[in-house]
Amino acid sequence: MTEQPFPVYQSFFLVGIKGVAMTSLAQILVDLGKTVSGCDVVDEFVTQPQLDALNITCLPGFEHHIPKNVDCVVYTAAHKGAKNPLVQQATKLGIPTYSQAEALGHIYNTKKGIAVCGVGGKSTTSAMLTWILSKLDLHPSYSVGVGEIVNLTRTGVWEQDSEYFVAEADEYVTNPEEVAHGAQPTPRFSYLKPFCTICTNLEYDHPDVYKNFAETKKAYANFFNQIKPGGVLILNEKDVAEVTTYSASEVRTFGAVGNCDYLYDYDEKGSKNGVTRATLLANNTRYKITLQVPGRYNVENAVAALAACDSLGIDLEKSVEALSSFASTKRRFERIETNLDLMVFDDYAHHPSEIEAVIRATRNWFPHKEIFVAFQPHTYSRTKALLGDFAAALSLAPNLILLDIFASARESVDESISSRLLADEITATGFTGTIPVLPDYQSLANKIKELPHGSVVLTLGAGDIYKALERV
């Protein structure tokens, strides 16, 4: 019988409960028999159906009193972290407080953990792993930071007798406010002690808390050293040279070139009209992969998930078969039904490499359709630091629309960067089309209604751009 986590607390209050990671944690705590309530901004999030299904009370804002009988408070980095007034109120009252990452670690570390880290692909790869293990009746515990995993009822589950716990492992920090004032960053994944770690890919991101790519790689190297004895690290072949210090007893690689343990061949010509095809070479055996999600990047996510299954002794052929029925997650190339004569998809992509991958995949799946890409930049700091990379990625769009920058709750307005400046940078790459810059998702909804019948529409971004599709 697995040790029960958090045995001393019964009533949890989650500050910022609507975030995808916090909602996932809330579901797990309910499975553990805990009482869960929380608070957040009044805006509706993609997690609302999950919270409603569990009848979890969510108070508006952060200025009220912590409810009576609460004996543990969990907070998110999104709303000032440990500096949030409710968290500070809890501290004054002597109520224990944990960051979401720390709380998840206490639960996760009681099982054989599978952690998925990397810039891009974490959520999808975690969801793919969860899907495979569920289809093979292995009943995993899991925490996936999305609004929904299609055809699964939950995004967070605790199974008392399960062997595995699948979780996203995020390199962002627990308390960004403290880092802004000179404190050393504490990555969210530093609280996890996995048996198997997948790194989908290494890129520079979160310039608000990491000064450069070297700092990012150092954080990852430290995380790799937390793999439990006898465990395995699964690395993208292209990143092997980037991180040279890790103590995993075994390292396996995946990729499209090189001497990989899991070598894939993406069938670009055969991948279209809703089916993606590839071949996987592993253990001197070839496997045919078919997916219901598009693009080379999703083939790579799938291969990473399959590599983890194989490394854990799970039958690879059965895993490949199970993955063929995976239908994605909310906000990951999610098909949106509307009353318009348009094919509409929504995706969370917000880093240049992710944007490039999903635009290429869309063009490949729909080679004879007119495609319109609408992008909402997420955070001033990321847009400013990666401006040239964003411009290069977005210039691949056949037709492009921009929304104003969506400011994270953790940063202030920076008037030195804007979506208009991004549009100018895209034009400088040689992009010849006009680039409308719209103020909000309602303006985008109006614009979408004017697009030519039969077109493909792709909305991208980690902000609230998806809300435009609720109004068309």
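The values are calculated or read from the model by the stated rules, or taken from the named source; none is laboratory data. The structure displayed is predicted, hence computed values, not measured ones. Cβ sites come from the backbone with ideal geometry, for glycine too, and all protein chains shown count toward neighbours.
A quick yes/no check of all residues on (1) in contact (Cβ under 8 Å) with a residue 60 or more places away in the chain; (2) closer than 30 Å to Val179 by Cβ; (3) in the same structural domain as Asp341 (by TED's automatic domain parsing):
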{"residue": "Glu411", "(1), (2), (3)": "yes, yes, yes"}
{"residue": "Ile417", "(1), (2), (3)": "no, yes, yes"}
{"residue": "Thr427", "(1), (2), (3)": "no, no, yes"}
{"residue": "Gly430", "(1), (2), (3)": "no, no, yes"}
{"residue": "Pro439", "(1), (2), (3)": "no, no, yes"}
{"residue": "Leu444", "(1), (2), (3)": "yes, no, yes"}
{"residue": "Leu460", "(1), (2), (3)": "yes, yes, yes"}
Consider Glu171 carefully, then state whether it is at pLDDT below 95, part of a loop (DSSP other than H, G, I, E, B), surrounded by 22 or more Cβ atoms within 10 Å (Cβ to Cβ) and at negative phi. yes
I'm checking my understanding of the structure. Among residues of region 321-352 that are among the charged types (D, E, K, R) and closer than 22 Å to Gly147 by Cα, which one is surrounded by the fewest Cβ atoms within 10 Å (Cβ to Cβ)? Glu337
Expected output for region 217-245 (first residue free of Cβ contacts under 8 Å to residues at least 24 places away in the same chain and buried (at least 16 other Cβ atoms within 10 Å of the Cβ), partner of a type in the set (A, V, I, L, M, F, W, C) and in a strand (DSSP E or B), Cβ below 7 Å, 6+ apart or cross-chain) is Glu237/Phe254
Selection status of Cys58, in the same structural domain as His79 (by TED's automatic domain parsing) and touching a Pro at 6+ places or on another chain (Cβ under 8 Å): no
Taking the condition of being surrounded by 18 or more Cβ atoms within 10 Å (Cβ to Cβ) and not in a loop (DSSP other than H, G, I, E, B), how many residues in region 179-211 meet it? 10
What is the one condition in (1) under 29 Å from Met343 (Cα atoms); (2) not in a helix (DSSP H, G or I) that Val251 does not satisfy? (1)
Here is a check on your reading of the model: is His378 assigned by TED's automatic domain parsing to the domain that holds Ser412, surrounded by fewer than 23 Cβ atoms within 10 Å (Cβ to Cβ) and in contact with a Gly (Cβ under 6 Å, 6 or more places away or on another chain)? yes
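What do you reckon, is Lys318 in a helix (DSSP H, G or I), among the basic types (Lys, Arg), in contact (Cβ under 8 Å) with a residue 12 or more places away in the chain and surrounded by fewer than 24 Cβ atoms within 10 Å (Cβ to Cβ)?
Details: in a helix (DSSP H, G or I): yes; among the basic types (Lys, Arg): yes; in contact (Cβ under 8 Å) with a residue 12 or more places away in the chain: yes; surrounded by fewer than 24 Cβ atoms within 10 Å (Cβ to Cβ): yes.
For Lys318, the condition - in a helix (DSSP H, G or I), among the basic types (Lys, Arg), in contact (Cβ under 8 Å) with a residue 12 or more places away in the chain and surrounded by fewer than 24 Cβ atoms within 10 Å (Cβ to Cβ) - is met.
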